[in-house]
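One structure, as structure tokens, below. Some questions next.
The values are calculated or read from the model by the stated rules, or taken from the named source; none is laboratory data. Computed from a prediction, not measured in an experiment: that's the story for all the values here. Here the Cβ positions follow ideal geometry from the backbone for every residue, glycine too, while neighbour counts run over all protein chains shown.
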Amino acid sequence: MDYNSKKREAENLVGEDKYVDALRIYSDLYLVNRNDVGIVERIRFLYSRIIEGNYDFVPETAEQYVMR
């Protein structure tokens, strides 16, 4: 899958409120192209939504802790 199709997939996930899955894809895209300012903005947005939406979240695994 190419860069633009991955970006569209991530945007579709954002539209479905699947922020963690979208953040994973955007993180991968950032590693491919660190100069894409839009990617950084989306990562910041998703991170803030995850944090705000899970203020009482108690992680059960290391992955959940990192995502928190």
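Counting only residues that are surrounded by 12 or more Cβ atoms within 10 Å (Cβ to Cβ) and under 15 Å from the mean Cα position of the chain (by Cα), which one in region 54-67 is modelled with the lowest pLDDT?
Ranking the qualifying residues of region 54-67, first place goes to Asn54.
Any residue in region 23-37 that is at pLDDT 95 or above and surrounded by 13 or more Cβ atoms within 10 Å (Cβ to Cβ) sitting within a Cβ distance under 8 Å of a residue that is among the acidic types (Asp, Glu) and assigned to a helix (DSSP H, G or I)? List the pairs, counting only those 6 or more apart or interchain.
Taking only residues 6 or more apart or on different chains, the pairs are Ile25/Glu9.
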